[in-house]
Each structure stands twice: as structure tokens, then as C-alpha cells.
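Just below is one structure, and these are the notes that go with it.
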Amino acid sequence: MLSQRAHYALRALLVLAAQGATAPMRTPQIAKAAHLSPKFLEVILLDLRKAGVLQSFRGCKGGFVLGRPASAITFADIVKVTDGSLALSPCACEIAYARCKDCFDESYCEIRRALSAAQVTTTTILRSYDLAGAALRMKAAGKL
């Protein structure tokens, strides 16, 4: 399940993508446009900045802008920053693999096989959505 943190990050980044690269947006502006809590959003935006998804600028005209073109930022990139792995279980995780404590034999485990397939499919789908396309579709629908 997608965490609230990832959901907030996606919504905030869609607002920034819809705005384009015109000028930095401050956290309260992003929060208002995305209907989010500014306090929780601030921490998420800082994590996205550390990961290079966002850039920040200080001063009276400061705020956040996308760290690279919106077309180069996928939903998978964002979820990985906020939630870590897209795997449903540690045994199906490529990055932080851990064997299940009660596993019979992971080389024949149908649970692991199913969860691994779900992770591959989820990753493929999330990589197919980028901020530019999603923001464009949402703007066209009058939702951003």
C-alpha cells in the first residue's frame, strides 16, 4: 500500500510540475495548491531535495523547483525516495533483501514468487508515469 508520505509527495510534485519551471514555490503555496498539511509536507520536500528530485532556493524569492525535467521524474522515483523499496516483502526486495524467518525453502516459495512478480509489475507501471504527463492530464481535466 502507498504510504501517506508517498501520496503527499506525488501530489506536491504534480503541483510543481504543473507550474513549470517559472519560479520557486514556497512550502505553504505548494501545500495550499495540493490541499496538504504544510508541516508534514516540509519534511517530505527536504527528503526529495536530498535525493535530487527537488532543488531549493533561499531568500525572499526562494522555494522549491523540480531538480530535473518533469518528464524525467517518474512515480517510481518518488515512491522509492519516500517509501524505500517497492517490494511487498523483504524476501522480494532487490535492494534490502532479507529471508523470511519462517520460510520453508525460498527457492520453491510460491509466496515469494508471487510477491516478486507483483513488485516487477508495480515498478514497471510506476516507471511508465512521469510528472510531466500526469500534470498535463490533470491540468486538462481542470484538477490542477
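The values are calculated or read from the model by the stated rules, or taken from the named source; none is laboratory data. Predicted, not measured: the structure shown is a model, and the values here were computed from it. FYI the Cβ positions are ideal-geometry reconstructions off the backbone, even for glycines, and counts take in every protein chain you see.
Hey, does the range 135-143 have a residue that's over 21 Å from ALA6 (Cβ atoms), more than 17 Å from the chain's Cα centre (by Cα) and not in a helix (DSSP H, G or I)? So far as the range 135-143 goes, yes, one or more of its residues are over 21 Å from ALA6 (Cβ atoms), more than 17 Å from the chain's Cα centre (by Cα) and not in a helix (DSSP H, G or I). Scanning the range 20-34 for residues that are at pLDDT 95 or above and loosely packed, with under 13 Cβ neighbours inside 10 Å yields a single hit, PRO28. If you go through the range 91-128 and pick out every residue that is over 25 Å from the mean Cα position of the chain (by Cα) and within 15 Å of ALA76 (Cα to Cα), you end up with 0.
I need the full set of residues from the range 46-56 which are part of a helix (DSSP H, G or I) and farther than 17 Å from ALA134 by Cβ, in order please. LEU46, ASP47, ARG49, LYS50, listed by residue number.
Screening the candidates VAL79, VAL43 for the property of being surrounded by fewer than 14 Cβ atoms within 10 Å (Cβ to Cβ), part of a helix (DSSP H, G or I) and aliphatic (A, V, I, L, M) yields one hit, VAL43.
For the residues ALA118, ALA132, the requirement of being in contact with a Ser or Thr (Cβ under 6 Å, 6 or more places away or on another chain), surrounded by 13 or more Cβ atoms within 10 Å (Cβ to Cβ), assigned to a helix (DSSP H, G or I) and in contact (Cβ under 8 Å) with a residue 24 or more places away in the chain singles out ALA132. In the range 57-72 there is at least one residue matching the filter, namely being assigned to a helix (DSSP H, G or I) and either closer than 20 Å to ARG26 by Cα or not aliphatic (A, V, I, L, M) (or both). Contact annotation: residue pairs with Cβ atoms under 9 Å, 6 or more positions apart or on different chains, pairing a residue in the range 77-99 that is without any contact (Cβ under 8 Å) to a residue 40 or more places away in the chain and at positive phi with a partner that is loosely packed, with under 15 Cβ neighbours inside 10 Å and not small (Gly, Ala, Ser), are GLY84/ILE95. Has the range 1-18 got any residue that is over 21 Å from MET138 (Cα atoms), free of Cβ contacts under 8 Å to residues at least 24 places away in the same chain and assigned to a loop (DSSP other than H, G, I, E, B)? Taking every residue of the range 1-18 in turn, at least one turns out to be over 21 Å from MET138 (Cα atoms), free of Cβ contacts under 8 Å to residues at least 24 places away in the same chain and assigned to a loop (DSSP other than H, G, I, E, B).
For the residues CYS100, CYS91, the requirement of being farther than 21 Å from ALA23 by Cβ and in a helix (DSSP H, G or I) singles out CYS91.
Before we move on, is LYS80 charged (D, E, K, R), modelled with pLDDT of 80 or more and over 18 Å from the mean Cα position of the chain (by Cα)? So LYS80 does not fit the description; no.
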